[in-house]
Every structure is written in structure tokens, then in C-alpha cells.
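Enquirer: Quick one: this structure, given as C-alpha cells, is what I'll be asking you about.
The values are calculated or read from the model by the stated rules, or taken from the named source; none is laboratory data. Just so it is clear, the model here is predicted, and its values are computed rather than measured. Glycine also receives a Cβ, built like all others from the backbone with ideal geometry; neighbour counts cover every protein chain displayed.
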């Protein structure tokens with residue numbers, strides 16, 4: 001039952017939820033920020049305004065993983081992230097075309113304390129993917145960005161003293177890679193060591209010189225910017241776990257050298273599209289790739305900001321899983337960097353003219369590759385890796401998004417999080433083609449969890 | 001030169017009466033010796049019991065009674081302040097955001113708070129108790145939250161003190177706690193007695209409602225109790241202010257000031273009549289209350305309900321003027337005890353000239369730098385420190401401890417004097433023989449002073465300033481923009 005205080009603070013969970021949020025506070029960093037520090041967001045960051053990133057990491061009960069020590073290490077790690085504790089404000093002139101600037105005023109990040117009424121194992125076995133959002137509190141920007149915290153950290157304690165650490169943030173600040181690496185730094189601070197992925201703050205990373213003539217619009221982004229708002233179908237999520245042998249079985253049926261991401265993206269693409277009419281010819285799939293290391297002058301992994309590039313891959317769906325996967329692989333390895341810079345230039349010019357941000361993830365089906373992230377390296381106690389990781393990108397309405405994540409087992413195993421229109425998710429969860437390699441639905445839809453076995 | 005000055009202070013200022021007595025005795029001895037051996041022996045033969053009585057027994061009795069009635073010297077064995085945790089830090093931006101999100105604060109009040117914080121002299125490292133970090137703040141300011149804050153602050157300070165002094169809890173015979181605005185049942189002394197298993201026959205006192213100057217009131221009370229306790233007893237004095245239950249939820253501007261300025265803090269001090277391992281000697285405690293007959297002084301810091309029934313502390317606009325008058329009253333009583341003769345004479349002459357002859361001259365401000373090396377002025381706010389610096393003609397360096405404590409810890413009420421003393425010691429400025437003047441102000445309107453003398457300076461900078469002393473002193477701008 002939501003407490004009166006939770007309702008007063010606007011953070012109550014829905015009726016029947018097993019998670020109770022009981023306190024909202026602000027966590028400040030240990031060292032004060034030098035006054036007057038600011039950070040200008042790039043054009044790519046500004047374009048992501050419609051989206052939010054949610055990450056939940058589950059940790060089993062261990063000595064040293066408790067609310068007060070976690071809050072202390074959080075304060076310590078926030079000293080490395082002066083932009084996280086800052087607030088958004090418009091650039092000079094206050095015109096919409098001037099983009100967001102982060103004023104590092106040391107205001108802190110919001111922290112929510114919560115309790116779950118079950119043990120961690122019960123939760124992992126029975127929670128639906130939509131219920132997982134209860135573990136990552138978020139507030140939309142509202143009318144006063146200057147007092148709005150872009151980051152929310154939720155500490156949820158399970159009855160067996162296990163914890164779920166939830167981080168929600170606006171995509172303006174961080175893409176999923178940067179959010180994941182924050183956990184890495186936090187875990188390292190908790191262990192009293194340093195992370196190799198310290199945040200790299202460099203506004204000019206995606207700076208473009210103003211073009212003499214307006215840059216040509218990249219067709220995909222132009223289409224997104226003018227797309228009609230998608231139908232109000234409710235979206236729902238599910239998480240699939242592909243153990244190592246399932247992945248090996250899947251990969252063995254495909255061409256050699258196929259990457260796990262391409263294999264899974266192809267599999268889900270085929271199964272989602274199977275519901276539609278069987279049209280002939282090539283179809284397109286949008287891939288969302290982390291471009292930090294794909295650039296000619298690669299950015300440090302810890303680059304703070306959005307470095308997600310959307311690119312289109314084409315394949316003939318009737319040619320079979322193997323061919324489609326190979327096509328995706330070819331696309332991923334051969335994406336030209338000019339495509340990224342063309343997109344950045346166009347976004348920059350559009351922003352300067354006062355263009356409003358539009359939905360970047362979607363409305364068409366998008367597959368995001370996050371399996372390169374060292375998510376399971378975020379060990380708060382040495383040797384204790386997270387039991388599981390959940391990731392969502394909010395605002396991806398329309399045909400949905402498929403995210404490929406690493407799994408707890410490591411190396412070959414993968415987790416796949418799908419957020420699709422509700423009946424598509426329900427159908428996929430029961431789809432034999434997806435499940436036949438040995439995959440399991442570990443966090444299904446609300447309907448599924450009742451009927452799901454094991 | 002300073003050795004001479006210290007000797008002069010010790011002989012002429014502290015011990016005038018015994019000095020006079022010694023002179024008289026010496027004079028009579030000299031007179032006696034002038035008589036010569038024959039006259040002496042004849043005098044002795046003529047002695048009668050009554051001569052013996054008046055010549056020998058009576059003066060001896062007088063001397064013995066004098067020595068016994070002299071108050072016992074009280075020493076400060078050591079003290080410890082609460083080390084504020086980093087996780088409780090409240091930057092200005094966070095404070096303003098929480099105020100903005102408070103459902104009870106209107107926008108006019110919010111516009112008042114912002115410039116107030118910038119000009120307050122507080123820094124970005126002051127701390128609020130954990131309960132006040134929540135949104136919305138007032139819903140978490142519960143009785144349990146208040147007890148939790150008290151226990152966090154006081155247990156931490158006492159643990160520190162016991163570790164520093166090495167004293168066993170059952171050696172403490174007297175316990176005095178002062179906390180103005182939080183008075184639960186069982187009392188705060190009972191919480192401490194229970195936690196540390198203190199003696200069953202402990203003489204404990206809980207002082208509530210006595211304001212920001214209560215720290216020195218507690219010290220004075222402990223000193224008085226030590227006079228009647230067995231020689232060598234120890235008294236634990238705990239000064240703190242629990243701010244969790246006192247969050248003002250209204251919009252009256254004069255009552256919003258405490259929300260903005262008061263911060264979490266506390267100190268524990270161990271006093272004793274035994275000089276073993278003592279670090280300071282308590283020379284004087286002088287308490288002045290100016291509330292009688294002066295309505296302005298009485299209502300200067302007044303707890304009341306605003307128009308909506310919200311309870312808060314109303315700070316009057318005349319606070320500075322009243323503080324100045326209270327200080328003058330206190331100086332008039334402590335001056336003769338600590339000032340060298342020359343300063344006293346000049347002050348007396350100036351006083352007589354102004355009051356009796358009504359001469360239009362400026363009042364002579366005694367130069368207290370001749371009496372004290374270090375000054376710990378209650379860090380009640382920037383204006384209070386400015387006013388006192390002007391009234392006492394102190395240099396910037398002499399008020400540095402107060403300003404820096406206000407910047408780093410905010411207004412911690414009665415314990416701020418101990419944080420200031422810790423600053424002077426952490427900076428390494430304390431030397432053996434240095435005299436310290438602690439001045440506290442508080443509701444009533446009270447002005448209390450204590451004069452200490454250092455026996456052993458602190459061996460290191462360990463204490464509440466350990467992590468930040470290297471960054472001080474800082475230049476505090478008039479308006480702190482962030």
C-alpha cells in the first residue's frame with residue numbers, strides 16, 4: 001500500500017505493486033563543484049530529448065551492500081560527475097535553437113528509497129518486465145527544468161537484504177552505455193578502487209562547424225522527424241534469456257563468423273515481421289549502434305553523452321535467418337562514419353533553426369546493440385557480480401525496440417529485452433521459433449507470468 | 001617579552017588578593033625582625049594565651065579557611081565535536097530546490113530565501129540531518145527522526161571524546177546536556193546514561209530552552225557541581241541543537257531565517273577538578289541576562305505561532321543592537337576579572353566621564369587582545385560576527401575562527417564555540433599559556449562568556465576540521481554566487 005508520504009511526494013507505485021517507495025531525497029557529492037562550471041550538450045544529445053534510459057541492476061545480499069554504505073559511495077562517485085549533479089538550462093538568448101546547457105550547480109541527484117515485499121529470487125522468477133519499471137523511478141521534466149533532477153537513483157531492498165539499484169535518466173545526458181558505466185564507477189568507488197571507465201566530459205566531441213549551405217537531410221532521420229505520432233497502442237516488455245548453449249545452437253545454424261547481436265536481431269526481426277503480411281522484396285531494419293569505438297578518432301568508452309547512431313540495414317526476409325543475419329553483420333561492420341557526421345550536422349542545423357526534438361528510437365522497429373557493455377563487471381563487492389541487469393529506453397513507441405544485452409553467465413550467453421505493442425510481445429513470448437534454441441522468458445508480460453512455467 | 005607578559009598576567013591579574021596578603025605578611029615579618037634577639041625573647045616571655053590566640057591561631061585559621069573556601073580550579077580534560085558526514089552535505093542549490101518543492105512555501109518566501117543564503121556567510125559544505133534531506137521535508141521531521149539525529153550527533157561526539165581521553169564511562173560523576181528545542185521524555189541525559197551505562201548515582205541535568213548561549217551555561221553549571229562533588233570528579237558536558245523537529249513550515253520571513261542558517265552539529269567536553277591530563281583551565285564563566293526590564297531584549301529571539309498556527313522562532317530586526325548592549329553588559333562584568341589594570345582604569349575613567357560628568361566622548365573599548373589571544377565568538381550569523389568585530393575592535397584574524405566555522409558548519413547553535421576552538425587548534429595556533437575567550441549569545445537576551453587558558457595544545461589536527469582545514473581560511477565574498 002502506498003504510504004501517505006509516498007503519495008505526497010508523487011512517487012507511489014500502482015495498486016497491487018510489490019514495491020513500496022517510502023522516501024525521496026537528494027544525494028549530493030562529497031566535494032563541492034567549482035562554481036560557474038557548465039557543460040554544453042551536443043546536437044546529438046539535444047536530439048534525444050524525447051527519450052529516457054532506465055537501468056536496473058540486481059545484487060544478492062552481501063556484507064557491505066546496504067543502504068548507508070551505498071549512499072556513501074554514491075556521494076563519493078558523484079564527485080566525478082559534476083554534470084550529473086547539475087541542472088539543465090537553455091543557452092544564451094533563451095531561444096529554443098540554442099540547445100541545452102548543463103549548469104553544474106551541485107544540486108545533486110534524486111534518490112528514492114524503496115522496499116520490495118518479496119525475496120530477490122521470487123522477484124526474478126515472477127516479476128513481469130513491466131513491473132521492473134517500479135524499480136527505476138523517474139520524473140518527466142515538467143515546466144521548471146532548473147529544479148528538475150535529470151537523474152534518479154532508486155535503492156530497493158528485498159526481504160532477504162538483496163538490493164536492486166535502479167538508475168533512470170534523461171537521454172539528453174546519457175545513453176545506455178554512459179549510464180551503465182556510471183554503475184561501473186559507482187561499484188568501483190564502493191570497493192574503494194577506481195574504474196577504468198571514468199567519465200570523459202568533452203562538449204566539442206560532436207561539434208560541427210556551421211555549414212555554408214544547409215546540410216542535406218539524412219533520409220531516415222528526416223522520415224523520423226516528420227513521422228506522424230504513432231498509434232496509442234500500449235507497449236509492453238519482455239526479457240528473454242539465451243543461455244550459452246542456446247546461443248551456440250543458434251549460431252551453429254548460421255553462417256560462421258555471425259555475431260550474436262546479428263543473430264538475435266535477425267531472429268527477432270523475422271518473428272516480429274512474421275505477423276505482418278508476407279510482402280516480397282527487401283525490408284529495412286533500424287540498428288542503434290554505440291559509435292564510441294567505431295569512429296576514426298575513437299571516443300573513450302567513458303564518453304559522457306549520447307553516441308548512438310541509427311543506421312538502416314536491408315535484407316530480404318524470405319531468404320532465411322542465416323542470410324538476414326549475414327546482411328545485418330555486413331551493415332554493422334561497414335557503417336561509414338560520414339553517415340554519423342551527416343546526421344550530426346543536420347541535427348545541429350535543424351536545432352539552430354528552432355526545430356523541436358523528435359522521436360529518435362522508432363517509430364519503426366529498432367534493434368540496439370548493447371552486448372559490448374561491461375555491465376556484469378559492476379561488482380560492489382569484489383567477486384559478486386549482478387544477478388541480472390534490466391535495461392529500457394523509454395519513448396520508443398510505435399513498432400518497438402529490441403535490445404541485446406550481455407547475460408550473467410558471461411561471454412556467449414545473451415539477454416534480449418523487447419518492448420513491442422502489447423499483443424506483439426505476447427505473441428513473441430509464445431513463439432516456438434524464438435524459444436526452440438533453448439531460450440527462456442525470464443520476465444514476461446503480466447499475463448504471461450501467471451501461466452509461465454519454471 | 002611574552003614570558004614577562006604571561007608572568008604579569010599570572011601574578012597581577014589572577015592572584016591579586018593572595019599577592020596583597022603575602023605583602024602584608026612580608027611587611028610584618030620585616031617589622032618583627034627589626035626587634036633584635038633580646039627584645040624578641042623578652043616579648044616571647046610576656047606572651048599570654050590571648051596574644052597567641054590573636055597573633056597565631058587566628059591568622060592561621062583565617063588563612064586555612066580562605067584556602068578551603070577558594071573555589072576548586074576546574075580543568076577541561078578534552079573535547080570532541082561531531083564530525084559531519086559527507087552524505088549529509090547540503091549545497092545551496094539543493095536547499096533551494098527542496099524549498100521550491102515544498103508544498104508549504106510560497107513563491108514570495110522562496111524569493112526571500114535565495115538572496116539570504118547567498119549573503120549568509122555559509123558555505124557549500126554545511127550539513128543538515130538525514131531527515132531534512134527528504135522531499136517533502138516537513139513530513140519527515142518526526143519525533144523518531146529527532147531522536148535519531150540526537151543519537152547520531154551526540155553518540156559520535158562522546159565516542160570520540162572517550163577515545164581521546166581514555167576515560168571509562170563510569171568515572172563520569174556529572175552529566176549536563178543542553179539542547180534548546182528538543183526535550184523528549186525520557187530526557188536526553190537519560191538517553192546518554194542508558195547508552196553508556198553511566199553510574200546510577202550520576203548527577204545529571206538537562207537544560208532545555210536556554211538558547212544558543214546554553215553551551216557556556218552548561219559549562220558554568222558543571223563547574224558549580226564539581227565544587228561539591230568529590231575532588232577529582234569528572235563532568236561530561238554535551239552541547240547540541242537538534243534541528244529535525246524545528247523545521248518551520250510557514251511563510252513568515254523573520255521565522256524562515258532559522259531554517260536557512262541552522263545546521264547540524266554538537267560537541268562533548270569533559271571537565272574535571274583534577275589537573276591530570278588536562279588541556280585547558282577554566283578561569284572564569286560570566287553570565288549576563290538582559291531580559292529584565294527590557295522588552296526588546298526579551299522578545300528578540302522569540303518562539304511563537306505565526307498567523308497560520310505554525311510554530312517557529314521569530315528573530316527581531318534589532319538583534320544586532322540588542323546583542324551589542326548585552327555584550328557591553330557582559331564586558332562590564334568580565335573586564336575586571338581578566339583585563340590588565342591599565343585597561344580597567346581607562347575603561348573606568350571613560351565610564352565615569354560619560355555617566356557622571358556626561359562628557360560627550362566615545363566609550364572606551366578595552367583592548368581585549370591584551371587579555372586574550374584567541375576569540376571564539378558564537379557563529380550566529382554573519383551580521384553578529386561583523387557587529388562584534390566592530391564593537392571589540394578585533395582584527396580579521398581574531399574573528400577568523402568564527403567566520404570559518406560559520407562557513408564550514410553553519411550556525412550549529414550552542415556547539416559552535418567548540419568548533420571554533422577546534423579550528424584554532426587544527427590550524428596549530430594554540431600554544432601553552434594562550435588565553436581563549438568564548439562569547440555566546442542567545443535568546444533571553446543572554447550574553448555568556450568563558451575564559452580558558454591552554455595547558456596542552458592539541459597534538460594534531462584530528463577532529464571535525466580534519467578533512468577541510470587545509471582549505472581554510474577562505475575568502476568569503478559578500479554575495480556567494482553559484
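Enquirer: Take segment A:313-335 and flag every residue that is closer than 24 Å to residue A:292 by Cβ, surrounded by fewer than 16 Cβ atoms within 10 Å (Cβ to Cβ) and in contact with a strand residue (DSSP E or B) (Cβ under 9 Å, 6 or more places away or on another chain).
Expert: Answer for segment A:313-335, where residues must be closer than 24 Å to residue A:292 by Cβ, surrounded by fewer than 16 Cβ atoms within 10 Å (Cβ to Cβ) and in contact with a strand residue (DSSP E or B) (Cβ under 9 Å, 6 or more places away or on another chain): just A:330.
Enquirer: Sticking with this structure for a sec: Consider segment B:91-119. How many of its residues are surrounded by fewer than 23 Cβ atoms within 10 Å (Cβ to Cβ) and either part of a loop (DSSP other than H, G, I, E, B) or in contact with a strand residue (DSSP E or B) (Cβ under 8 Å, 6 or more places away or on another chain) (or both)?
Expert: Matching residues across segment B:91-119 total 6.
Enquirer: Conditions: (1) within 24 Å of residue B:299 (Cβ to Cβ); (2) surrounded by 24 or more Cβ atoms within 10 Å (Cβ to Cβ). Residue B:382 meets all but one. Number of the miss?
Expert: Failed condition: (2).
Enquirer: Could you tell me which numbered condition residue A:137 fails, if it satisfies all but one of (1) within 14 Å of chain B (Cβ to nearest Cβ); (2) surrounded by fewer than 22 Cβ atoms within 10 Å (Cβ to Cβ); (3) not in a helix (DSSP H, G or I)?
Expert: In the conditions (1) within 14 Å of chain B (Cβ to nearest Cβ); (2) surrounded by fewer than 22 Cβ atoms within 10 Å (Cβ to Cβ); (3) not in a helix (DSSP H, G or I), residue A:137 misses (2) alone.
Enquirer: Moving on. What residue, among those in segment A:187-215 that are closer than 20 Å to residue A:39 by Cβ and part of a helix (DSSP H, G or I), is farthest from the chain's Cα centre (by Cα)?
Expert: Checked segment A:187-215; the qualifying residue farthest from the chain's Cα centre (by Cα) is A:204.
Enquirer: Same structure, new question: Which residue out of B:235, B:269, B:292 is without any contact (Cβ under 8 Å) to a residue 12 or more places away in the chain and in contact with a helix residue (DSSP H, G or I) (Cβ under 9 Å, 6 or more places away or on another chain)?
Expert: Among B:235, B:269, B:292, only B:292 is without any contact (Cβ under 8 Å) to a residue 12 or more places away in the chain and in contact with a helix residue (DSSP H, G or I) (Cβ under 9 Å, 6 or more places away or on another chain).
Enquirer: So residue B:95 ticks every box in (1) touching a residue at least 12 places away in the same chain (Cβ under 8 Å); (2) within 8 Å of chain A (Cβ to nearest Cβ) but one. Which box is left unticked?
Expert: Status for residue B:95: all satisfied but (2).
Enquirer: For residues in segment B:295-310 being in contact with a helix residue (DSSP H, G or I) (Cβ under 7 Å, 6 or more places away or on another chain) and touching a residue at least 60 places away in the same chain (Cβ under 8 Å), which is surrounded by the fewest Cβ atoms within 10 Å (Cβ to Cβ)?
Expert: By that ranking, first place goes to B:301.
Enquirer: For segment A:436-446, what are the residues that are under 22 Å from residue A:412 (Cβ atoms), touching a residue at least 60 places away in the same chain (Cβ under 8 Å) and surrounded by fewer than 18 Cβ atoms within 10 Å (Cβ to Cβ)?
Expert: Scanning segment A:436-446 gives A:438, A:440.
Enquirer: Ok, one more. Would you confirm, using the coordinates I've provided, whether residue B:160 is in contact (Cβ under 8 Å) with a residue 24 or more places away in the chain, crowded, with 19+ Cβ neighbours inside 10 Å and farther than 23 Å from residue B:442 by Cβ?
Expert: Yes.
Enquirer: With the condition kept exactly as written, say whether any residue in segment B:342-357 is in contact with a strand residue (DSSP E or B) (Cβ under 7 Å, 6 or more places away or on another chain) and either modelled with pLDDT of 85 or more or part of a helix (DSSP H, G or I) (or both).
Expert: As a first pass, look at segment B:342-357 and keep what is in contact with a strand residue (DSSP E or B) (Cβ under 7 Å, 6 or more places away or on another chain): none.
No.
Enquirer: Another one. Please find, within segment A:107-134, the residue that is nearest to residue A:241 (Cα to Cα) out of those that are part of a loop (DSSP other than H, G, I, E, B) and touching a helix residue (DSSP H, G or I) at 6+ places or on another chain (Cβ under 7 Å). Can you show your working first?
Expert: The first filter runs over segment A:107-134 and keeps only residues part of a loop (DSSP other than H, G, I, E, B), leaving A:107-108, A:117-119, A:127-130.
From the residues that got through so far, the ones that are touching a helix residue (DSSP H, G or I) at 6+ places or on another chain (Cβ under 7 Å) too are A:107-108, A:128, A:130.
Working: A:107: 39, A:108: 36, A:128: 14, A:130: 16 Å.
This residue is A:128.
Table: residues versus (1) in contact with a helix residue (DSSP H, G or I) (Cβ under 8 Å, 6 or more places away or on another chain); (2) more than 19 Å from residue B:383 (Cβ to Cβ).
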| residue | (1), (2) |
| --- | --- |
| B:440 | yes, no |
| B:443 | yes, no |
| B:451 | yes, yes |
| B:467 | no, yes |
| B:475 | no, no |
| B:479 | yes, no |
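Enquirer: On to the next question. Taking residue B:67 and the conditions (1) at pLDDT 90 or above; (2) more than 10 Å from every other protein chain (Cβ to nearest Cβ), which numbered condition does it fall short on, given that it satisfies the others?
Expert: Going through the list (1) at pLDDT 90 or above; (2) more than 10 Å from every other protein chain (Cβ to nearest Cβ), residue B:67 breaks only (1).
Enquirer: Output the number of the condition that residue B:191 fails; it satisfies all remaining conditions of (1) crowded, with 19+ Cβ neighbours inside 10 Å; (2) in contact (Cβ under 8 Å) with a residue 24 or more places away in the chain.
Expert: Only one criterion in (1) crowded, with 19+ Cβ neighbours inside 10 Å; (2) in contact (Cβ under 8 Å) with a residue 24 or more places away in the chain is unmet by residue B:191, namely (1).
Enquirer: A further question follows. Could you pull out the residue among B:88, B:114, B:120 that is closer than 22 Å to residue B:468 by Cα and away from every other protein chain (no Cβ under 11 Å)?
Expert: B:120
Enquirer: Could you check, for segment B:142-150, whether at least one of its residues is assigned to a strand (DSSP E or B) and either without any contact (Cβ under 8 Å) to a residue 12 or more places away in the chain or surrounded by fewer than 19 Cβ atoms within 10 Å (Cβ to Cβ) (or both)?
Expert: The answer is no, given that none of the residues of segment B:142-150 is assigned to a strand (DSSP E or B) and either without any contact (Cβ under 8 Å) to a residue 12 or more places away in the chain or surrounded by fewer than 19 Cβ atoms within 10 Å (Cβ to Cβ) (or both).
Enquirer: I would also like to ask the following. From the list B:199, B:194, which one is over 12 Å from residue B:74 (Cβ atoms) and in a helix (DSSP H, G or I)? Quick ask: steps written out before the conclusion?
Expert: Details: B:199 fails: in a helix (DSSP H, G or I).
So the residue among B:199, B:194 that is over 12 Å from residue B:74 (Cβ atoms) and in a helix (DSSP H, G or I) is B:194.
Enquirer: Tell me the residue from B:101, B:48 that is over 27 Å from the mean Cα position of the chain (by Cα) and away from chain A (no Cβ under 14 Å), please.
Expert: So the residue among B:101, B:48 that is over 27 Å from the mean Cα position of the chain (by Cα) and away from chain A (no Cβ under 14 Å) is B:48.
Matching residues to (1) at pLDDT below 90; (2) more than 10 Å from every other protein chain (Cβ to nearest Cβ):
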{"site": "A:12", "(1), (2)": "yes, yes"}
{"site": "A:18", "(1), (2)": "no, yes"}
{"site": "A:28", "(1), (2)": "no, no"}
{"site": "A:36", "(1), (2)": "yes, no"}
{"site": "A:41", "(1), (2)": "no, yes"}
{"site": "A:50", "(1), (2)": "no, yes"}
{"site": "A:56", "(1), (2)": "no, yes"}
{"site": "A:63", "(1), (2)": "no, yes"}
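Enquirer: Further question: I need the full set of residues from segment B:123-139 which are touching a helix residue (DSSP H, G or I) at 6+ places or on another chain (Cβ under 7 Å), within 11 Å of chain A (Cβ to nearest Cβ) and touching a residue at least 60 places away in the same chain (Cβ under 8 Å), in order please.
Expert: Within segment B:123-139, B:123, B:124, B:125, B:126, B:127, B:128, B:131, B:132, B:137 meet the criteria.
Enquirer: Could you grab me the full set of residues in segment A:216-231 that are surrounded by 13 or more Cβ atoms within 10 Å (Cβ to Cβ) and not in a helix (DSSP H, G or I)?
Expert: A:217, A:218, A:227, A:230
Enquirer: While we're here: From the residues in segment A:185-207 that are in contact with a helix residue (DSSP H, G or I) (Cβ under 6 Å, 6 or more places away or on another chain) and surrounded by 18 or more Cβ atoms within 10 Å (Cβ to Cβ), which one is nearest to residue A:355 (Cα to Cα)?
Expert: A:206
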